[in-house]
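Note sheet for the following structure.
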Amino acid sequence: MSNDPVHAEAASAIDIEDDGPSVGLVQALTWIGEGKRLISIVTVGAAIASVLLGLLLPKTYTARASMLAPGSQQQGGGSIAALAALGSLGSLAGAAAKTPDDLYVALLKSDSVQRRLDERFELKQRYEMQNYEALRKEMPAHIRVSSDKKSGLITVEVDDKEPKFAAELANAHAAEVTKVLGRLAVSEAQLRRVFFEKQLNETKERLIKAEQDLRLVQEKSGVIVLDKQAEALITGAAQVRALIAEREVQLKVLRTAATDRNPDVIRMNSELGALRSELARMESTQGGSAGSAVDIPVGKLPEAAIDYVRARRELKLQETLLETMLRQFEAAKLDEAKEGQALQVVDVALPPDHKSKPSVALIALGSTLLAFFGSVAFVFVRRFNAWSREINPGDALARAAMARAWRWR
């Protein structure tokens, strides 16, 4: 190897041309030290400005309400099974519900609840949204619903600039989802209550119609009452028909949760068969054909009384059915009351006494670090550009040509 200084300088020049200028750690720290005044000024200025900005930003308060899902209350399996069957309702909030907790979270985020909250608190005006679709996309930024899988607690958090409003909106979720649950009838007792309520309303309508038909027949035929024997026959047939109708309704309720091989279903079918046979026997022994509307022998009644018999029997049937449906409906309501509330409020949201955001400390820390590293990078890049132009003038000319090429004018 040659120790000639001329050859060493030439080799160094070749290295610079081949690999470009390189900067060591000491040189980089030296450049940063030379620009420490600029770095300090920018960093301290950013810290002061961020603190002032954090103090001037509008304060946001967060109110929290927690509720207990039925799955954590160890209630009967019927209610939980019904909840699992409604798992497809999770699509209301854009996600499939896998557990009762997920279902209630989905219901709290559903359009049914959010629209009611919008109507009650005028959220579109408060959040300055033009329509409900825009509000629906904006609400997750102000309202958060989450569940704790271990404890079963569902938490509703509401952010707002007014503490009282945030607490009221958080507490309103429990009331609105309870209304939705009452309409959906998610538990077994609720399903029976809704079913018998529908049957009761239909029976009331038929009873009113039967009363009107009887009045028209009385006005037309002039028959007001029949003898006691005929009245007893009408009452007996009406009671049998009412028992048949009652068993048919009970069988429908059983088949919603049981198969045809269930002992209760088999027993109910047997009772229905016996009652229908008894009704057919009563009608056949009275001189009428099976399934006819006449329970008294036609030949032994005046022609004008036949319509009255039919109308009176229909009225008696509807009265008996109404009493039966009313008893079933009251029993279903009691069963529903025993289950308790589907969603129980654990913690009522109170107006928060301290803001949740913005955090002045986080804003100041983030801005200070960003200003520090940004100013360090600026000092390093500026000093590196100046140094590279000194070492390699050709590179400076290339940079100037590139700058001219990217000018708009």
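The values are calculated or read from the model by the stated rules, or taken from the named source; none is laboratory data. Keep in mind that what you see is a predicted model, and the values were worked out from it rather than measured. Using ideal geometry, Cβ is built from the backbone for each residue, glycine included, and neighbour counts are taken over all protein chains shown.
Structure summary
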item	result
Condition met for ASP148 (closer than 27 Å to LEU334 by Cα, in contact with a strand residue (DSSP E or B) (Cβ under 8 Å, 6 or more places away or on another chain) and at pLDDT below 85)	no
Residue satisfying all of: in segment 120-151; among the hydroxyl-bearing types (Ser, Thr, Tyr) and in contact with an Asp or Glu (Cβ under 6 Å, 6 or more places away or on another chain); nearest to LYS109 (Cα to Cα) among these	SER147
Top-ranked residue of segment 250-276 - restricted to ones that are farther than 21 Å from ARG193 by Cβ and among the hydroxyl-bearing types (Ser, Thr, Tyr), ranked as surrounded by the fewest Cβ atoms within 10 Å (Cβ to Cβ)	THR259
Any hit, segment 366-385, residues being at pLDDT below 80 and more than 30 Å from ASN171 (Cβ to Cβ)	yes
Close pairs from segment 372-392: first loosely packed, with under 15 Cβ neighbours inside 10 Å, partner modelled with pLDDT under 80, Cβ under 8 Å, at least 6 apart	ASN385/ARG399; TRP387/PRO21; TRP387/VAL23; ILE391/ILE16; ILE391/PRO21
Checking PHE196 against (1) surrounded by 16 or more Cβ atoms within 10 Å (Cβ to Cβ); (2) within 16 Å of the chain's Cα centre (by Cα); (3) assigned to a helix (DSSP H, G or I), the condition it does not meet	(2)
Helices (runs of 4 or more DSSP H) enclosed by segment 109-159 - at least 3 residues per element that are under 18 Å from VAL348 (Cβ atoms)	111-121
